[in-house]
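Shown next, in structure tokens, is the structure this report addresses.
The values are calculated or read from the model by the stated rules, or taken from the named source; none is laboratory data. Given the structure is predicted, the values throughout are model-derived calculations rather than measurements. So basically every Cβ, Gly included, is an ideal-geometry build from the backbone, and we count neighbours across all protein chains shown. SASA here: full protein model, heavy atoms, side chains in, ligands and nucleic acids out. Shrake-Rupley method; radii C 1.70, N 1.55, O 1.52, S 1.80 Å.
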Protein chains: 2
Amino acid sequence: MSDTLLSRLADVVGDKNVLVEAGTMSGYLTEERGLYTGTALAIVRPASTEEVSRVVTICAQEKVPVVPQGGNTGLVGGGIPDATGRAVVISLTRMTAVREIDVDTGTMTVDAGVTLQDAQHHAAEHDRLFPLSLASEGSCTVGGNIATNAGGTAVVAYGNMRDLVLGLEVVLADGRVWNGLRKLKKDNTGYDLKQLFIGAEGTLGIVTGAVLKLVPANRSVETAFIGLSSPEKALALFRRARATAGSGLIACELMPRIGLDFVLAHGSGVRDPLGGPHPWYVLLELASPAEQSLRETMEGILEGAIEAEEVDDAVLSENLDQRGVFWKLRHLLSEVQKHEGGSIKHDVSVPIASMPAFVMEGIAVAESVVPDCRPVPFGHMGDGNIHFNISQPVGADKQAYLARWDEMNAAVHAVVARYGGSISAEHGIGRLKRDLLAQIKEPVEMDMMRRVKAALDPDGLFNPGVVV
Amino acid sequence: MSDTLLSRLADVVGDKNVLVEAGTMSGYLTEERGLYTGTALAIVRPASTEEVSRVVTICAQEKVPVVPQGGNTGLVGGGIPDATGRAVVISLTRMTAVREIDVDTGTMTVDAGVTLQDAQHHAAEHDRLFPLSLASEGSCTVGGNIATNAGGTAVVAYGNMRDLVLGLEVVLADGRVWNGLRKLKKDNTGYDLKQLFIGAEGTLGIVTGAVLKLVPANRSVETAFIGLSSPEKALALFRRARATAGSGLIACELMPRIGLDFVLAHGSGVRDPLGGPHPWYVLLELASPAEQSLRETMEGILEGAIEAEEVDDAVLSENLDQRGVFWKLRHLLSEVQKHEGGSIKHDVSVPIASMPAFVMEGIAVAESVVPDCRPVPFGHMGDGNIHFNISQPVGADKQAYLARWDEMNAAVHAVVARYGGSISAEHGIGRLKRDLLAQIKEPVEMDMMRRVKAALDPDGLFNPGVVV
């Protein structure tokens, strides 16, 4: 059957777009972080929605599981097949057309395989902003961003990917195409079906195209790098900035001193922007589509915060280069942790008001599990989203430390649960947290998810083993 | 069986909260606009989520259809039972508790029966804004706003109700309670189930509680009443205001001269704010949470627009009273149409860029169907949402005119379809557009909706005859 299948698939996409050799497949079968490696019957690379539809139809007929994949930058195994070798991976990376930009409506219609960076660039060429921004933007795809409801550093002002999608085109589990490519801000004609596919990690359908929301490009920006004594002070600063700048507050990123130490030790072309060390730092950014100075607003926020003893020291970027340097400190935070040995990771969120208490309790709990471990909690203050990463003790055995991953997870997630938080704020469930999901969700919620899954993918062929 | 049913329901909610007399039921069985009147076995008024759950469980056991109802301010029959008299109406209006306000997180957790105005007031008491705003806010409920994904006048800045809901509590068709009352901005743990119930018009579950998003209260506001020559100029003005003020633009309402004429003729305490007549008007409002003057920004927008010949005349409100007067002109627009005889209504949206062309073509099409009819298209410029109401010709017979409702709808909706628009931008489908929905949607989309419906309400007992 497999030979028939492969030749039928080749009839659709052409021989050279059905990869079956281990060497050519390997890049599609391993995640960057190395946690997941799978096997597959083939990697199929369709070039159009119609080809995706025909590929899925064939797989449905042959009862072959399908794993959709974008830029393969996920961190939870959501785009990697399991080890059975039964699945076909459908890579969307050949679908890279920008179908339309409608500047007046403020929309951009793209193929799912367009990279986030290309989408940003196309918007910028038309003097618009596509505001989603995250570390892997050079290689992650819009389709993957939709499938995972991606977050990033600009969520505080512009929302998650879900908030930036107006319409979708989706290939369903039986191969039919749903054309929901609408450009409407208001449309109450029945169930908002696109919401089902956003964040479903490819388990309900394959997103092949999307209408994205554009916003006015920012013409003014003001960025500050701020030293302060605690997450509690950072929250007070966030509230102050938000009350003053409203949706003009476009980033409020928290990082601990140890994170900055790691960046200074392992990053190149970086230096501490402030005179002396501080226990915590905030990168605060304001922006406006108007040509106006935001300096006074930023200074007003910081002066008030210094007076209220929320902030100990701060420096404002004098130009775009310096702004780039501030952001580099933030962006390098994930990467540099690799140089400090093993790191046990958590991608969690809590209600914003609970974030300071959660961070301090999380640190205490981590240290109780592995004494001398080095928590590096950093993330998106305005979203209550913390990447609660914990580096191994200095000089410890990496494998022995990483062997305690589940134990550490359980301890930290227990604190998350106490604050009504989420164990996956932006990375999704994938294979990594699938079993955990069933444990932490109430049975009624798992039952609803399974009903939705069965309604749209009755044979369970779309990304089996992921999410539900 | 019916007697057993009623006594079982009375055991849950108390005798006086099971209404069965025609007199006491009538207020729950007719819509304000008079298009829908239904009959019911009883109106049941539970006081808590647990009571709703028990009532639904009983109805499910007895296979009795259930019609959830909020403030009964809908316009499409979505909260009114059919004429068979088989259904039980569950009114949520006794559930009026504000369960919690979490100022630091920016959330408010409320019962579904809280009126929109009470929700706004509770937020304001804590120096926060709950930004949804619409004509019926004094009596519509948060639960109804959720069930219909309500829109209104502030969507351009703050989004529809869907964008303002962080978490939901829902009673499912079998009586189970789903507790999804989360306060998280980021939560990628499986399917975003709350999205299913928002805008589902009570066909998939009964919303009993919600976590609403609060935003910083505005401390500065600047409002202008503007005369201009066409919807095209209004779009140019909208683009200019948006590019300057970004999300500080909180309202951009379009109305035609005939609408203002109606208001001036039939409203009390109103006058034309501008010296001479203009074919079209825009009410433009900027706001900011900072204590700052927006006068300069507004003046800059208007000066640029006058220079570019987009705007012919404009007046800025000098104080909150005058602002109230401007808004009164806008808010009276619907009501005063009643004094001008029959009005055939359309609640439509198109991509923003297509709005000027749609409005002009819509007017031409309406006049071709009924010569001398008087189109009064008004609405939310920034959302592409037009209430395309058409008053009867002067002196025409009202009933004869209204008899052409379907014909007029078909003609106008054909224009909407050509522009990729929606036939229900904010009022929903209800009973009014249920058959139309099945005609305009592609079969694949209707099939998906029916699958979702069957998955969550397999016996079809929740609001039968509505939406799907």
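Taking region A:330-353, which residues are farther than 19 Å from A:TRP405 by Cβ, within 14 Å of chain B (Cβ to nearest Cβ) and β-branched (Val, Ile, Thr)?
A:VAL350, A:ILE352
Take A:ASP321 and decide whether it is surrounded by fewer than 19 Cβ atoms within 10 Å (Cβ to Cβ) and under 22 Å from A:VAL376 (Cα atoms).
Against the criterion (surrounded by fewer than 19 Cβ atoms within 10 Å (Cβ to Cβ) and under 22 Å from A:VAL376 (Cα atoms)), A:ASP321 does not qualify.
With the requirement that a residue be assigned to a helix (DSSP H, G or I), within 14 Å of another protein chain (Cβ to nearest Cβ), modelled with pLDDT of 95 or more and under 23 Å from the mean Cα position of the chain (by Cα), what does region A:235-272 give you?
If the condition is that a residue be assigned to a helix (DSSP H, G or I), within 14 Å of another protein chain (Cβ to nearest Cβ), modelled with pLDDT of 95 or more and under 23 Å from the mean Cα position of the chain (by Cα), then A:LEU235, A:PHE238 are the ones that fit.
Which number in (1) in contact (Cβ under 8 Å) with a residue 12 or more places away in the chain; (2) in contact with a Gly (Cβ under 8 Å, 6 or more places away or on another chain) marks the one condition that A:ALA217 misses?
(2)
Keeping to region B:140-157, report how many residues are among the hydroxyl-bearing types (Ser, Thr, Tyr) and facing chain A (nearest Cβ under 10 Å).
Matching residues across region B:140-157 total 1.
Considering only residues that are within 28 Å of A:ARG240 (Cβ to Cβ) and open to solvent by 10 Å² or more (accessible area, probe 1.4 Å), look in region B:221-234 and name the one that is nearest to the other protein chains (Cβ to nearest Cβ).
Ranking the candidates gives B:VAL221 first.
Looking only at residues in region A:354-369 that are open to solvent by less than 10 Å² (accessible area, probe 1.4 Å) and more than 11 Å from chain B (Cβ to nearest Cβ), which one is farthest from A:TRP327 (Cα to Cα)?
Step one: filter region A:354-369 for residues open to solvent by less than 10 Å² (accessible area, probe 1.4 Å), giving A:355, A:358-359, A:362, A:366.
If we keep only those that are more than 11 Å from chain B (Cβ to nearest Cβ) too, we end up with A:358-359, A:362, A:366.
Values: A:PHE358: 25, A:VAL359: 22, A:GLY362: 26, A:ALA366: 28 Å.
Checked region A:354-369; the qualifying residue farthest from A:TRP327 (Cα to Cα) is A:ALA366.
How many residues does region B:382-400 hold that are open to solvent by 10 Å² or more (accessible area, probe 1.4 Å) and farther than 15 Å from B:ILE258 by Cα?
Number satisfying all stated conditions: 6.
Hey, among B:GLN61, B:GLN69, B:GLN117, which residue is buried (at least 23 other Cβ atoms within 10 Å of the Cβ) and either closer than 30 Å to A:ALA243 by Cβ or not aromatic (Phe, Trp, Tyr) (or both)?
B:GLN69
Pull up region A:105-114, narrow it to residues that are in a loop (DSSP other than H, G, I, E, B) and either away from chain B (no Cβ under 13 Å) or of a type outside the set (Gly, Ala, Ser) (or both), then point me to the one that is surrounded by the fewest Cβ atoms within 10 Å (Cβ to Cβ).
My answer is A:THR105.
Does region A:408-426 contain any residue that is within 11 Å of chain B (Cβ to nearest Cβ), open to solvent by less than 10 Å² (accessible area, probe 1.4 Å) and acidic (Asp, Glu)?
no
Within the group B:ARG86, B:ARG128, which residue is surrounded by fewer than 20 Cβ atoms within 10 Å (Cβ to Cβ) and among the basic types (Lys, Arg)?
B:ARG86
Is there any pair with a first residue in region B:8-19 that is open to solvent by less than 80 Å² (accessible area, probe 1.4 Å) and a second that is of a type in the set (Ser, Thr, Tyr) whose Cβ atoms are under 6 Å apart and which are 6 or more apart or on different chains, and what are they?
none
Filter region B:158-193 for residues that are in contact with a Pro (Cβ under 7 Å, 6 or more places away or on another chain) and touching a residue at least 60 places away in the same chain (Cβ under 8 Å); which is nearest to the other protein chains (Cβ to nearest Cβ)?
This residue is B:LYS183.
If you scan region A:115-147, which residues turn out to be among the aliphatic types (A, V, I, L, M) and not in a helix (DSSP H, G or I)?
A:LEU129, A:LEU132, A:LEU134, A:ALA135 - these are the residues of region A:115-147 that are among the aliphatic types (A, V, I, L, M) and not in a helix (DSSP H, G or I).
Determine whether B:GLY379 is of a type in the set (Gly, Ala, Ser), open to solvent by less than 30 Å² (accessible area, probe 1.4 Å) and under 28 Å from B:GLY70 (Cα atoms). Spell out the reasoning first.
On the way: of a type in the set (Gly, Ala, Ser): yes; open to solvent by less than 30 Å² (accessible area, probe 1.4 Å): yes; under 28 Å from B:GLY70 (Cα atoms): yes.
Considered against the rule, which asks whether it is of a type in the set (Gly, Ala, Ser), open to solvent by less than 30 Å² (accessible area, probe 1.4 Å) and under 28 Å from B:GLY70 (Cα atoms), B:GLY379 comes out as yes.
With A:ALA251, A:ALA265, A:ALA243 as the choices, which residue is surrounded by 23 or more Cβ atoms within 10 Å (Cβ to Cβ) and of a type in the set (Gly, Ala, Ser)?
Just a single option satisfies the conditions, and that option is A:ALA251.
Taking the stated definitions as given, is A:ALA42 within 17 Å of A:PHE462 (Cβ to Cβ), touching a residue at least 60 places away in the same chain (Cβ under 8 Å) and not polar (S, T, N, Q)?
No: the conditions fail for A:ALA42.
Restricting to region A:195-214, what's the tally of residues that are without any contact (Cβ under 8 Å) to a residue 60 or more places away in the chain and within 9 Å of chain B (Cβ to nearest Cβ)?
2
Which one of these is farther than 25 Å from A:GLY34 by Cβ, at pLDDT 95 or above, over 23 Å from the mean Cα position of the chain (by Cα) and open to solvent by 60 Å² or more (accessible area, probe 1.4 Å): A:ILE301, A:ILE306?
Testing whether each residue is farther than 25 Å from A:GLY34 by Cβ, at pLDDT 95 or above, over 23 Å from the mean Cα position of the chain (by Cα) and open to solvent by 60 Å² or more (accessible area, probe 1.4 Å) leaves just A:ILE306.
For the condition touching a strand residue (DSSP E or B) at 6+ places or on another chain (Cβ under 7 Å) and modelled with pLDDT under 95, what is the one hit in B:LEU316, B:LEU333, B:LEU320?
B:LEU333
Of all residues in region B:20-46, how many are open to solvent by 40 Å² or more (accessible area, probe 1.4 Å) and more than 25 Å from the chain's Cα centre (by Cα)?
The qualifying residues number 6.
Is at least one residue of region B:140-147 free of Cβ contacts under 8 Å to residues at least 24 places away in the same chain, touching a Leu at 6+ places or on another chain (Cβ under 7 Å) and hydroxyl-bearing (Ser, Thr, Tyr)?
Within region B:140-147 (the criterion being free of Cβ contacts under 8 Å to residues at least 24 places away in the same chain, touching a Leu at 6+ places or on another chain (Cβ under 7 Å) and hydroxyl-bearing (Ser, Thr, Tyr)), the answer is no, since none of the residues qualifies.
For the subset of region B:89-100 comprising residues that are open to solvent by 20 Å² or more (accessible area, probe 1.4 Å) and in a loop (DSSP other than H, G, I, E, B), which member is farthest from B:GLY14 (Cα to Cα)?
Step by step, filter region B:89-100, then rank; the result is B:ALA97.
Looking at region B:444-460 only, could you name the residues that are more than 9 Å from chain A (Cβ to nearest Cβ) and crowded, with 21+ Cβ neighbours inside 10 Å?
B:ASP457
Within region A:253-284, work out how many residues are of a type in the set (A, V, I, L, M) and within 17 Å of A:HIS387 (Cβ to Cβ).
Qualifying residue count, region A:253-284: 7.
Taking B:HIS121, is it within 14 Å of chain A (Cβ to nearest Cβ) and closer than 14 Å to B:LEU214 by Cβ?
Here the answer is no, as B:HIS121 does not meet what is asked.
Would you confirm whether any residue within region A:148-162 is assigned to a strand (DSSP E or B), modelled with pLDDT of 95 or more and closer than 30 Å to A:ARG239 by Cβ?
Scanning region A:148-162, I find no residue that is assigned to a strand (DSSP E or B), modelled with pLDDT of 95 or more and closer than 30 Å to A:ARG239 by Cβ, so the answer is no.
Restricting to region A:428-443, name every residue that is acidic (Asp, Glu) and more than 8 Å from chain B (Cβ to nearest Cβ).
Within region A:428-443, just A:ASP435 meets the criteria.
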